[in-house]
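Just so it is clear, none of the values below were taken in a lab; they were calculated from the coordinates. This is a predicted model, so every value here is computed, not measured. Reconstructed Cβ throughout: ideal geometry from the backbone, glycine too, with neighbour counts over all protein chains shown.
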């Protein structure tokens, strides 16, 4: 389950940036080459985030597609999967970039001032 590894990285970044504030929503730009689906990622994150500032937080994934640049015709296009040939001219001389990123885009914090460090915080 590779989602656990991805979620560990996300949680680590969230905890560093939250500075003890409770997080309710996390938005992550996730390249499609990571093969991460929303539901398994949320389940993995829920498991890892227990007793953390992000316990119960919603994880929103924003899909980022790779770009293919053709050396023959110069066309650049976003693709949903790895392309081994240019969609325009059919040339196999293409360069793939992006689609493998994992970027913490934004955090939403709880309105109440309760932090995870406070006893009885109920997180």
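Each of 35, 22, 75 was scored by other Cβ atoms within 10 Å of its Cβ. Listed from fewest to most, they are 35, 75, 22. The C-alpha atoms of the chain define a longest principal axis, and helix 2-18 lies at about 60 degrees to it. Between helix 38-48 and the chain there is an angle of about 40 degrees, using the helix long axis and the longest principal axis of the Cα atoms. In whole angstrom, segment 19-84 maps to an equivalent ellipsoid with semi-axes of 35, 12, 7, each derived as √(5λ) from the alpha carbon gyration tensor and ordered largest first. Reducing segment 55-72 and segment 87-114 to their Cα centroids gives an inter-centroid distance of 3 Å.
Working value for the chain: equivalent-ellipsoid semi-axes of 39, 13, 9 Å, each the square root of 5 times a Cα gyration tensor eigenvalue, largest first.
Comparing 74, 31, 99 in a Gaussian network model of the chain, where Cα atoms under 10 Å apart are tied by springs, the biggest mean-square fluctuation is seen for 74. DSSP bridge analysis restricted to the chain gives an antiparallel fraction near 70%, rounded to the nearest 5. Here the label points at residue 75 and residue 25, each 7 Å from Cα along the C-beta direction, are separated by 3.8 nm in the simple model.
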